[in-house]
Structure formats: C-alpha cells, structure tokens
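Following: one structure in structure tokens, then a few remarks.
The values are calculated or read from the model by the stated rules, or taken from the named source; none is laboratory data. Note that the structure is predicted; figures quoted are calculated from it, not measured. Don't worry about glycine lacking a Cβ; one is built from the backbone with ideal geometry, like all the others, and counts go over all protein chains shown. Quick note on the areas: whole protein, heavy atoms, side chains included, nothing else; ligands and nucleic acids left out. Shrake-Rupley method; radii C 1.70, N 1.55, O 1.52, S 1.80 Å.
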Amino acid sequence: MDILSIDGLPNDEIAAILDTADLYFSGNRGRRGSERLHGRIVFNVFYENSTRTAMSFATAAHRLGASAIALSVERSSVAKGETLEDTARTLNAMRPDALVIRHRENHAPAVVAEIVEAPVLNAGDGTNEHPTQALLDAATIRRRLGRVEGLKIAICGDIRHSRVARSNAKLLPRLGAEVRLAGPPELLPPDVPQLSVAEAIAGADVVMMLRVQRERLEDDLGDAPGEYLARYGLTAERLATATPGAVIMHPGPMNRGVEIDGSIADDPERSLIALQVEMGVAVRMACLERVIDARN
Ligand code: CP
C-alpha cells in the first residue's frame with residue numbers, strides 16, 4: 001500500500017490512520033519507544049527543502065524502532081544528471097521497507113511507486129498533494145475540537161500553489177467539514193468559487209492560513225510590506241469575525257506579518273501550529289506502521 005494522494009485512501013484506512021495516530025499521540029500505543037518496526041529501513045528522499053515533514057518522518061521511524069536513512073539529494077548522483085527513474089531503481093535494489101519522497105514535480109512519487117516495490121509515501125509533490133499533512137491537520141482538529149464533522153474550515157492564502165490546500169480540500173469534506181477556500185484572486189484556481197478571505201473567515205470554526213509560495217510565482221505580487229497582511233492576511237480584526245472559539249492553523253513555514261500576524265500565530269490558546277507539528281509525528285508513525293504492516 002502506498003500513500004500518494006487522499007483519493008487513493010479508502011475511508012476505513014483514513015479512519016484507522018487517525019485512530020492509530022491518536023493512540024500514539026496520547027501515549028496509549030507506546031508514543032515513545034514502540035519497537036513495532038524494529039529492524040526496518042525507511043528511506044527519506046527529499047528533492048525539495050523541508051523541516052517539519054522530513055524531521056517528523058525520521059522521528060516517527062525512530063520511535064517505531066526503524067532506521068531512517070536520508071538521501072542528501074543535493075550531494076547525490078542526482079547532481080550528476082541521474083534520472084528520477086534510475087534513482088528509484090537504484091534505491092529499490094537496496095530493499096528498503098518504505099520510501100518517503102518529496103519532489104518539485106507533480107506526480108513524481110507515483111512514478112517512483114511504479115518502480116519501488118516497498119510502500120511509497122508522498123511527502124509533498126509540486127502543487128499536487130501533501131496527503132500526510134492533510135491527515136495530521138484532520139487529526140489536530142479532531143484532537144482539539146473533538147470532531148471534524150460539521151465544522152466550517154477556512155483555508156486562506158495561496159490556494160493555487162498549495163498542495164496542502166488540495167489535499168485538505170479532498171480530505172476534510174470526506175470527514176464532514178465545510179471547506180472554504182479563499183485568497184487573492186490571482187492565487188485562486190479558476191475552478192473554485194471566488195471567495196474573499198473576509199468572507200471565508202466570517203463564522204469559521206477553524207482558520208488555516210497558507211504561505212504565499214513566491215518561489216512558484218511567475219510574477220511577483222507587487223505588494224508592499226504589510227499590504228498583503230492588510231488585504232488578505234489573518235489580522236485580529238478578521239479573526240474577530242470567526243466563531244468565538246475558532247482555532248488557528250498553519251502548515252508552516254510561516255511568513256510572519258505577511259499571511260498571519262505574528263501575535264496571532266503565537267496565541268497560546270487559539271493557535272494549533274505547534275500541536276500540528278507534534279501530531280505530525282504521531283500521524284506519520286501511524287502511516288509508516290500501516291503501510292509496512294500491510295506489506296507483510
Ligand atoms: N508543512 C510542511 O510541509 O512543512 P515543511 O516544508 O517544513 O516540511
């Protein structure tokens with residue numbers, strides 16, 4: 001079993017991952033030191049930068065007793081021109097028990113999964129999907145608010161380039177939430193309702209802000225410092241229109257003072273940003289355990 005996209009995960013598998021992650025998070029399944037994957041080898045192959053996803057997959061593997069081995073892509077034979085397919089064939093010949101991949105090209109993990117016999121987990125591919133991020137977001141919401149069903153969830157920012165938004169827009173409605181996607185008009189795909197950030201946040205139970213991915217923009221937005229925050233970001237004024245108990249999320253990395261006011265990001269009561277990171281380890285433990293168990 002691979003984890004390449006939300007659409008590729010059946011409902012019972014999503015439920016099992018969320019339940020298992022919750023057990024790991026709460027310490028009821030050996031949060032620190034289970035040896036369920038003792039002796040297993042997990043390859044981490046990141047063609048794009050990462051802090052949260054790379055470190056949490058490695059931490060998850062270690063906590064399950066597996067060895068996490070990272071390929072330093074910039075120092076690898078990729079720099080000598082080796083193709084993705086040849087790299088996949090090479091890594092497959094070393095017989096890992098799972099391979100985690102992040103790549104700048106959409107669907108690169110699916111290409112690798114055709115070659116590698118072990119389970120492949122998509123750690124984010126281009127602007128396509130980031131399925132384990134969506135799973136950890138759902139697990140975080142459920143942990144804090146007790147449910148996902150019936151919640152109004154505003155996802156605001158650079159929707160056009162966001163694999164996090166794409167995966168969440170598929171997963172959260174399957175769990176019963178209403179998802180509202182909003183952002184600057186030039187950062188909204190044409191096939192989603194053109195909602196303003198203010199409209200999306202009004203009455204929302206969860207406000208998830210996204211980074212402007214300037215590295216993927218063809219043209220700069222041309223906004224002056226502070227202008228993006230005032231027009232499209234999460235300010236105290238906009239947050240005041242959400243439900244009184246609304247919580248704040250951000251997949252990271254954040255641009256403080258751009259898509260989110262720094263003091264809101266640090267709000268100890270309402271910000272779930274650190275909880276998302278902590279839950280990320282538990283969700284990736286659940287994912288690794290399930291895909292490796294399913295193979296044996
Ligand atoms: N959320 C996320 O994917 O963060 P990283 O790029 O740091 O992994």
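Assorted remarks:
- Identity of the residue in the range 53-83, more than 19 Å from the chain's Cα centre (by Cα) and hydroxyl-bearing (S, T, Y), that ends up nearest to the ligand (Cβ to nearest atom): S72
- Taking the range 229-246 as the range and being part of a loop (DSSP other than H, G, I, E, B) and either touching a Phe, Trp or Tyr at 6+ places or on another chain (Cβ under 6 Å) or of a type outside the set (G, A, S) (or both) as the test, the residues that pass are T235, T241, T243, P244.
- Of all residues in the range 116-142, those being out of contact with any Leu (no Cβ under 9 Å at 6 or more places or on another chain) and surrounded by fewer than 22 Cβ atoms within 10 Å (Cβ to Cβ) number 4.
- Listed by first and then second residue, the pairs linking a residue in the range 31-55 that is closer than 10 Å to A70 by Cβ to a residue that is at pLDDT 95 or above and open to solvent by 90 Å² or more (accessible area, probe 1.4 Å), with Cβ atoms under 9 Å apart and 6 or more places separating them unless they lie on different chains, are F43/M94.
- Extreme residue, surrounded by the fewest Cβ atoms within 10 Å (Cβ to Cβ), among residues of the range 247-296 that are assigned to a loop (DSSP other than H, G, I, E, B), aliphatic (A, V, I, L, M) and within 15 Å of the ligand (Cβ to nearest atom): M254
- Residue check: P173 meets all listed conditions (1) touching a Gly at 6+ places or on another chain (Cβ under 6 Å); (2) surrounded by fewer than 22 Cβ atoms within 10 Å (Cβ to Cβ) but one, namely (1).
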